[in-house]
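> Structure below; questions to follow.
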Amino acid sequence: MLEIDNIFIEFSVILLIATVAGLVARLLKQPLIVAFIAVGILVGPSAFDLVQSKENVYLLAELGISILLFVVGLKLDVGLIKSTGKVALFSGLGQVIFTSVFGFLIALGLGFEPITSLYIAVALTFSSTIIIVKLLSDKKEIDALHGQIAIGFLIVQDIVVVIAMIILSALGAEGTGASPGMEVVWVVVKALGMVALTFLLMKYVMPSLVKLMAKSQELLVLFAIAYAVTFAALGDIIGFSQEVGAFLAGISLASTSFREVISGRLTTIRDFLLLFFFIDLGLQIDLSLMGAALGSAVIFSMFVLIGNPIIVMVIMGLLGYRKRTGFLAGLTVAQISEFSLILVSLGLSLGHIDEATMGLVTLVGLITIGLSTYLIIYSHQIFEKLSPFLSIFEKKAPFAEQNVKLSEHPKKVDVIVFGIGRFGSNLLKSFDKKGLSVMGVDFDPQLVSEWQKSEIKVYYGDAEDPELLEQLPLSESKFFVSTLAVTDSDTKLWSYLQKKNYQGSAYFTVHRASQAESLQKLGAKHFLYPYADAGYHIADRLLHKHIDQSEKVKVSELPDED
């Protein structure tokens with residue numbers, strides 16, 4: 001044990017260790033989340049015990065959680081909540097019921113007492129909203145259909161875990177005079193009040209208030225953080241989680257025109273503070289309690305890693321979603337939550353379970369969080385391998401995605417544009433004005449829904465979905481344009497085009513030299529450079545000089561960073 005009396009020095013050591021661990025993880029191509037949890041174990045009581053001010057680490061972790069869920073709420077459109085609410089509710093509750101029942105039976109089968117089995121079963125039920133949101137954000141899949149559904153049922157789980165803790169606390173309390181049923185009813189009443197407050201702020205207060213704050217960028221960022229943390233605190237006060245409070249705060253600002261500015265400004269702050277969440281998670285892991293529970297922990301971990309995704313796929317399949325959407329959403333519940341550790345800590349304090357059970361659940365958390373991180377990061381590759389065996393989870397006509405799926409595409413188009421953000425949207429409109437027949441593809445269902453109101457045909461789809469690519473009218477198209485600027489996705493698109501012997505011209509949007517070089521090695525020849533091209537065109541307009549259109553931008557001239 002190494003004691004450090006100075007808090008500033010203590011934090012500098014923690015940050016230095018985290019930096020080294022992160023660098024090693026990147027060199028070994030391992031997830032940073034796993035590395036940071038390992039740092040928490042390393043600096044915690046199980047190893048060097050460097051952290052003496054755990055309350056400060058916890059405070060920074062809570063701030064990071066609040067900002068993370070606030071940013072997620074910012075990006076969530078109310079219209080999308082309506083469209084995914086049903087599947088989120090059924091998937092969330094269905095997975096909770098399935099895991100609780102079968103987890104309880106497995107625990108009884110392993111010889112645990114009924115009350116201990118109940119705690120273990122409930123602890124296995126909940127998935128980590130924080131970790132999943134972070135992974136989906138890093139993969140830029142928050143806006144994808146499966147990402148939105150996952151966020152929906154994770155929020156449902158957060159609500160259920162709060163109710164579960166209220167019931168368990170009431171069962172452990174004596175002489176309070178309040179029944180568990182009344183406690184739950186009271187929390188529901190307060191929750192409805194909080195939702196109503198969110199709606200009123202969103203409709204009558206926030207548009208004008210945010211506009212006033214936006215006159216100063218510094219004040220806008222300060223306001224956003226203060227608002228997120230205040231709503232998180234309010235959620236905690238009324239008996240809900242801080243995550244739900246911060247999430248509602250984000251939703252109340254989602255309809256303002258400044259949400260992208262706020263989100264962009266908070267991203268770096270969010271990532272820095274979340275470091276302390278993962279370190280705090282590692283600090284709570286006591287390795288000394290885990291040795292005797294290894295066998296049971298492996299059984300429970302396999303149940304969570306395999307059983308939870310299966311039940312989500314079953315429910316989503318019955319609701320009419322494709323096997324791919326169900327699989328990608330299902331993988332997000334293949335771990336237990338930080339709430340699980342809080343729950344068993346509550347049970348330990350109430351005398352319902354012993355320290356051995358606490359160690360068992362902690363070990364299950366360590367195993368499932370670590371392995372599920374890899375499952376989510378490599379979810380598309382895993383799906384490609386398992387796809388032939390997953391057809392049982394999909395109806396012959398997946399009606400839930402028919403309104404957004406590329407199912408009745410044009411027989412012939414001149415241009416296919418993959419990715420219809422700002423750049424892609426302008427390309428679609430420009431090609432259309434020149435009299436070419438065009439179609440767009442994007443994985444943001446809300447964006448696709450908005451485009452379907454126009455005459456230009458836009459369809460829902462993901463560049464990494466092999467079933468979608470098979471439906472593209474490639475044989476008749478002259479141009480294929482990807483505006484994704486994501487190396488892995490573009491690599492798969494180019495490989496598919498080569499496999500189909502595409503005869504048209506394929507263009508890929510790149511922002512960095514490494515992106516173009518990677519695609520050039522595979523044989524790609526044509527690239528779009530939005531920033532460089534914009535610079536040439538703007539200079540041309542300003543100086544009133546003609547720039548030879550044959551002049552090419554060299555890969556070496558591209559910046560190394562976005």
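> What is the order of 5, 444, fewest Cβ neighbours within 10 Å to most?
Ordered from fewest to most neighbouring Cβ atoms within 10 Å, 5, 444 come out as 5, 444.
> Here is a further query. Search the structure for amide H atoms under 5 Å from the amide H of residue 458, placed 1.01 Å from N in the peptide plane, and list their residues when 5 or more places away or on another chain.
Placed amide hydrogens put 440 under 5 Å from residue 458.
> Once R0 is set to 56 Å, what does the formula 1/(1 + (r/R0)^6) return for the Cβ-Cβ distance between residue 236 and residue 382, expressed as a FRET efficiency to the nearest 0.05?
For residue 236 and residue 382, the calculated efficiency is 0.95.
> Moving on to the next point. Helix 338-349 versus the longest principal axis of the chain: what angle, 0 to 90°, nearest 10, using Cα atoms?
Tilt relative to the chain: about 0 degrees.
> Then there is this: Counting each DSSP H run of 4 or more residues in the chain as -39500 (n - 2.57), what helix-only mean residue ellipticity at 222 nm follows after dividing by all residues, to the nearest 500 deg cm²/dmol?
-20500 deg cm²/dmol
> Taking the chain as the reference, fit the longest principal axis to its C-alpha atoms, fit the long axis of helix 114-125 to the helix C-alpha atoms, and give the angle between the two in degrees, 0 to 90, nearest 10.
It is inclined by approximately 20 degrees.
> Which entries of 139/203; 139/323; 412/499; 457/478; 140/323; 323/521 show an alpha-carbon separation above 22 angstrom in the structure shown?
Checking Cα-Cα distances, 139/203; 323/521 exceed 22 Å.
> About the Cα centre of the chain, what is the dipole size in debye to 20, counting +1 per Lys and Arg Cβ and -1 per Asp and Glu Cβ, all else neutral?
About 2160 debye.
> In nm, give the distance between the simple-model label positions of residue 433 and residue 48, each being 7 Å from the Cα along the Cα-to-Cβ direction.
For the pair residue 433/residue 48, the computed spacing is 6.0 nm.
> Can you give the FRET efficiency for residue 101 and residue 396, using 1/(1 + (r/R0)^6), R0 = 30 Å, r = Cβ-Cβ distance, to the nearest 0.05?
0.50
> Where does helix 259-283 land angle-wise versus the long Cα axis of the chain, in degrees 0 to 90, nearest 10?
40
> Would you mind computing, in nm to one decimal, how far apart the modelled labels at residue 199 and residue 496 are, each placed 7 Å from Cα along Cα→Cβ?
Reported label-point gap for residue 199 and residue 496 is 4.1 nm.
> Among 533-541, 31-39, 66-74, what's the highest-first ranking by average C-beta atoms within 10 angstrom per residue?
The most tightly packed comes first, giving 66-74, 31-39, 533-541.
> If you don't mind, there's one more thing I want to ask. Within the chain, which is the longest segment that contains none of the GluC sites (Glu not before Pro) sitting in a DSSP loop with at most 10 other Cβ atoms within 10 Å?
Answer from the scan: 175-407.
Quick note: the coordinates plus some simple rules give every number you see, no bench work behind them. These figures come from a predicted structure and were not determined experimentally. As a convention, Cβ positions derive from the backbone with ideal geometry for all residues, glycine included, and neighbour counts pool all protein chains shown.
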